[in-house]
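Mind looking over this structure? Questions follow.
The values are calculated or read from the model by the stated rules, or taken from the named source; none is laboratory data. Since the model is a prediction, treat every value here as computed from it, not as a measurement. Here the Cβ positions follow ideal geometry from the backbone for every residue, glycine too, while neighbour counts run over all protein chains shown. Surface areas here come from the heavy atoms of the whole protein model, side chains and all, with no ligands, DNA or RNA. Shrake-Rupley method; radii C 1.70, N 1.55, O 1.52, S 1.80 Å.
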Amino acid sequence: MLKLPLLLCSSLILSHLCWGLNAKTTVANIDVVAVEDISWGYLNPARAAKGPSAADLWGDRTQNTPSGILLKFPAGFSSPPHIHNISYRGVVIKGQLHNDDPSAATMWLPAGAYWTQPAGEAHITAANQQINMAYIEINSGPYLVQPTTLAFDNGERPINVDPSNLVWLDATESSRLSGTPAKMAYLWEENTASEAHGRLLKLPANFSGNIKTQAASFKAVVIAGSVQLTAPTATKALLPGSYFGTDSAQTFAINGHPTEQTLLYINAEQPYQVAIN
């Protein structure tokens, strides 16, 4: 993970020029993980390569803390029935995934689909014959894979949302998009003082603009297309599976894919504004 000091990168944008700076600065900064730089491990060390590869994009899934996790599934993967000790939510990035009760008929979720898995509920997860990748998010940890003999009902119910069932709001319906061609879909929201919420942000091809955040947590994962975070003399392309975020007031200058729409998953604790150049 790269941490960019605001005092030295005052343009607020990522750049090759800033990458060599001290990562231990105490100044609020921008975090970035490019998918091609990830060092992968195993989600379930007991199954190793028979199960998904995993990497933390932010946080630490082995600790009692929120975290965002990138998963890669082997082609044709199908897990045995199992449970997790905590609830999670996920977004498909590549390929198609099935996540449901062990006896449920297969329902493939394509890229851009959203699902949730309650703690304690027995289920299986399967992947088709393509390259499969997903983003998983938890509010607390550690993230454990456990046998169904430990199953319990925590009162939650799972959700599987195909992209065709998402409701997209435009600038006439969301003040966060005012004056832009971007669209937004609501996924989840917590009724807490932090106002934490999850959204999908769709940027049209060749989008050029910025996302301005307030002084709170902001996390974004590239789901489709690409994003370029630009400095005056350099740019960095972030492909699907990449992450950028901050815990301070920032303005991210971004350019979308030149010919394809870009899809971002955003987890934020305060409002943010999307604008065009």
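With +1 assigned to the C-beta of every Lys and Arg and -1 to the C-beta of every Asp and Glu, and no other charges, what is the dipole magnitude of the chain about the Cα centre in debye, to the nearest 20?
600 debye
Probe 1.4 Å, all protein chains in place: accessible area of Lys72 in Å², nearest 10?
The accessible area comes out at roughly 70 Å².
Leaving out same-chain residues fewer than 8 places away, which aspartates and glutamates sit with a Cα under 17 Å from that of Lys202?
Asp162, Asp170, Glu173, Glu260
Long-range amide H contacts for Ile83: which residues qualify at under 5 Å (H placed 1.01 Å from N, peptide plane, sequence gap of 5 or more or a different chain)?
Counting only residues 5 or more places away or on other chains, the set is Gln146, Thr148.
Also, I was wondering about something else. May I have the convex hull volume per residue, in Å³, for the Cα set of the chain?
In the chain, the Cα convex hull volume per residue is 135 Å³.
List the relative contact order of segment 136-277 as a percent without decimals, with contacts defined as Cα pairs under 8 Å and 6+ residues apart. Mind showing how you got there, number by number?
Details: 297 pairs, mean separation 40.0, N = 142.
Computed value for segment 136-277: 28 percent relative contact order.
Separate question: Would you kindly calculate the translational diffusion coefficient of segment 98-234, applying Stokes-Einstein with the Kirkwood radius from alpha carbon pairs, for 25 °C and a viscosity of 0.890 mPa s, and quote it in µm² s⁻¹ without decimals?
For the chosen part, D equals 136 µm²/s.
Given H placed on each backbone N at 1.01 Å, which residues far from Thr180 in sequence or on other chains put an amide H within less than 5 Å of it?
Result for Thr180 returns nothing.
Something else: Taking all protein chains as present, what is the carbon and sulfur share of the accessible area of segment 25-88, in % to the nearest whole number, probe 1.4 Å?
Accessible surface attributable to carbon and sulfur in segment 25-88 totals 51 percent.
Could the peptides 264-277, 99-112 be put in order, highest first, of the mean number of other beta-carbon atoms found within 10 Å of their residues?
264-277, 99-112
Need one value: the accessible area of Thr65 in square angstrom, 1.4 angstrom probe, rounded to the nearest 10.
Surface accessible to solvent at Thr65 totals approximately 50 Å².
Based only on the alpha carbon positions, what is the Kirkwood hydrodynamic radius of segment 56-117, in angstrom?
Working: mean 1/r = 0.0757 Å⁻¹.
So the Kirkwood estimate lands at 13.2 Å.
Through the Karplus equation 6.51 cos²θ - 1.76 cosθ + 1.60, θ set to phi - 60°, convert the phi angles of segment 64-69 into ³J(HN,Hα) values in whole Hz; use x for Gly and Pro.
Per residue, the Karplus-derived 3J(HN,Hα) values read 7, 8, x, 7, x, 10 Hz.
Rolling a 1.4 angstrom probe over the protein heavy atoms, how many square angstrom per residue are accessible across the chain?
44 Å²
Taking 8 Å as the Cα distance limit and 6 or more residues as the minimum spacing, I'd like the relative contact order of the chain as a percentage.
Value for the chain: 20 percent.
Pairs Lys50/Lys219; Lys72/Lys212; Lys50/Lys236; Lys72/Lys183; Lys94/Lys212; Lys183/Lys212: which are spaced more than 22 Å apart, C-alpha to C-alpha?
Beyond 22 Å: Lys50/Lys219; Lys72/Lys212; Lys50/Lys236; Lys72/Lys183; Lys94/Lys212.
Can you give the local net charge around Asp170? Use residues other than it whose beta-carbon is closer than 10 angstrom to its beta-carbon, Lys and Arg +1, Asp and Glu -1. If you can, show how the numbers build up before the last one.
Values: positive: Lys183, Lys202; negative: Glu173.
Net of charged neighbours comes to +1.
At a 1.4 Å probe radius, which order do Arg157, Arg47, Arg199 fall into by accessible area, largest first?
Of Arg157, Arg47, Arg199, the descending order of accessible area is Arg157, Arg47, Arg199.
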